[in-house]
Amino acid sequence: MIKNICCIGAGYVGGPTMAVIAQKNPQIKITVVDANPKRIEAWNGPLEKLPIYEPGLVEVVEQTRDINLFFSTNIPKAIEEAQIIFMAVNTPTKTEGEGAGMAADLRYIETCAKDIAKYSKTDKIVVEKSTVPIRTAEKIKEILNENSSNIHYEILSNPEFLAEGTAISDMKSPDRVLIGGDESESGQKAVQALVEIYANWISKEKILTTNVWSSELAKLASNAMLAQRISSINSLSALCEKTGANIDELSKAIGMDHRIGPHFLKASVGFGGSCFQKDILNLVYLCRYYGLEEVAEYWHQVVKINDYQKDRFAHKIIDHFKNDLNKIKILILGWAFKANTNDIRESPAIFVTKCLLERGAIIEIYDPKVESKEIYKEAEKWDYFNESLRDKFTVKTHQNHNIESYDSVVLLTDWEIFKTFNYGNNTIFDGRYFLKNN
Ligand code: NAD
Ligand code: UGA
């Protein structure tokens, strides 16, 4: 009987997933730990200032926090007490060394494994919740066994499929829960222990158990398939613009075929978020590693079309102003990578803003949920963000704009409030194909 869980990583996945597991399993004590004390402080702080904005999250945290859900920086204690340890740490694209720019950086996973080996005194079930390359479980097991003795570890793969903005409802009623485990008796026992936790609110038909490798690969493949649909429709948006076809009408017509389905066919300025690009690049890297160059190239094209779409959109604005954006004042609406989240990782807004700023535009930004300091922090990373450009870059904290003072408005996040926004008589660049139908 599982009574104690630890989750390493209190981010967009660790926080919301553990909050829902805690709500649905009041008999289990769950401790979410993180190496970043500020994040833990925020999780333990006022509900209106949780580190993540996610609809429905506050209510779940309110019902569970300090009852059976705890946020802590005491990693050794949480590991020692837990029977199951989830790894929900970040797995970004490597920036240096072999595979830089393509492969997943597993250093945080490796640190977790070392910590687990260091602080465990009893047998553990270790769960990969982070998205990892296929065969990572093998590496984790190696680290665990090399760094500890007389402790039995079972490694499970339990990838997360939630999307930001709908994380809580996705967790409460998922399409499926995937659990990959070793085929040995102890492996299957560990799988069943995890199945029982989910079965407290999810019907067993939706809990799919597989071998570890299928589960690890299914996560990368699912993200690749979703992103591929967006790149497919975005590529067709370029053809629509040349020919007079309407991309929304095209999406509808295509999606009504039940074999294709209507989801993920909304054309846009390009997909953003911390996962699609990094997971596809990781898939491309893996295919190359296994000598499958054609397969690698096929998936790489999904990312290339996404870059093309972002660039194409930015150039529409640049072309409109005949390549001279000096003294052109632009209002950017939306900085998050999609609506209903405060996450800005890989947001197309960042790419577009950089292009416009580089060409001399004066930029003002408004997003209803992203904090100004996060937007400024992002801009500080840009090489050319020197004093003169800084003066041309302002974040607005309210939506009462003198709309006529702008030369154009660029809509980059599909926040509902932007549907009824007062655009005045401005030229609007709608990166979400959002306003035409409204
Ligand atoms: P995140 O960056 O929001 O959170 C990761 C957290 O892990 C950070 O707070 C970091 O401080 C902490 N951390 C890193 N190494 C640590 C260590 N050794 N010990 C303690 N804490 C450590 O990342 P995220 O968005 O939650 O993503 C986590 C994983 O889940 C990634 O692999 C991602 O691909 C995957 N995933 C993300 C989403 C999503 O919507 N964001 C959805 C599905 C899967
Ligand atoms: C995505 C997947 O949907 C999740 O299943 C997965 O768990 C997650 O990645 C992950 O592994 O991190 P997320 O990135 O949070 O979730 O959000 P999505 O709704 O998938 O949107 C991603 C991007 O694609 C956004 O920029 C969104 O605006 C864009 N998008 C989405 C489109 O441009 N068109 C669409 O039709 C759908």
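Read-outs throughout are calculated quantities, based only on the coordinates presented, and are distinct from any laboratory measurement. Quick caveat: nothing in here was measured; it's all calculated off a predicted structure. All Cβ positions, glycine included, derive from the backbone under ideal geometry; neighbour counts span all protein chains shown.
Summary of values
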| item | result |
| --- | --- |
| Interchain or long-range residues, amide H under 5 Å from Leu292's placed H | none |
| By average C-beta atoms within 10 angstrom, highest first, the peptides 32-44, 341-353 | 341-353, 32-44 |
| Long pairs among Lys129/Lys172; Lys327/Lys354; Lys129/Lys278; Lys322/Lys354; Lys121/Lys206; Lys94/Lys266, criterion Cα-Cα beyond 26 Å | Lys121/Lys206; Lys94/Lys266 |
| Kirkwood Rh, angstrom, the range 65-140 [1 / mean 1/r, Cα pairs] | 13.7 |
| The chain: mean projected area of Cα convex hull, nm² | 22.7 |
| FRET efficiency estimate (nearest 0.05) - Cβ-Cβ, Lys329 to Thr166, R0 51 angstrom | 0.90 |
| DSSP beta bridge pairing in the chain, given as percent antiparallel to the nearest 5 | 5 |
| Radius of gyration, Dmax [the range 315-438; alpha carbons; angstrom] | 13.4, 41 |
| Stokes-Einstein D in µm²/s, Kirkwood radius over Cα pairs - the range 252-358 at 4 °C with 1.567 mPa s viscosity | 81 |
| Extended-chain gain in nm, criterion 0.36 nm per residue less alpha-carbon gap, Ile67 and Thr122 | 17.3 nm |
| Relative contact order %, the range 303-435, counting alpha carbon pairs below 8 Å whose residues are six or more apart | 28 |
| The chain, relative contact order in percent, only Cα pairs under 8 angstrom and at least six apart counted | 12 |
| Cβ-based net charge around Lys266, under 11 Å, with every Lys or Arg adding one and every Asp or Glu removing one | +2 |
| About the Cα centre, charge dipole magnitude for the range 353-432 (Lys/Arg +1, Asp/Glu -1 at Cβ), debye | 60 |
| Subset of Lys242/Lys304; Lys38/Lys124; Lys252/Lys392 violating a 32 Å alpha-carbon distance limit | Lys252/Lys392 |
| Residues whose placed amide H lies under 5 Å from that of Lys29, excluding near-sequence neighbours | Asn4, Ile5 |
| Ranked by how many other beta carbons lie within 10 Å on average, peptides 55-61, 407-413, 182-188 from highest | 407-413, 55-61, 182-188 |
| Value of Rg/Rh across the range 1-114 [Cα atoms, Kirkwood radius] | 1.01 |
| Volume per residue of the C-alpha convex hull in the range 117-209, rounded to whole Å³ | 117 |
| Two-decimal Rg to Rh for the range 189-256 - Kirkwood Rh, Cα set | 1.26 |
| Potential extension, Lys304-Ile151 segment - 0.36 nm per residue separation minus Cα distance | 50.5 nm |
| Two-site FRET efficiency, Asp257 against Arg176, from Cβ-Cβ distance with R₀ of 25 Å, rounded to 0.05 | 0.60 |
| Distant-in-sequence amide H partners of Ser408 (H built 1.01 Å from N, under 5 Å) | Lys329, Leu331 |
| Dipole in debye (nearest 20) - the chain, about Cα centre, beta carbon charges: Lys, Arg +1; Asp, Glu -1 | 420 |
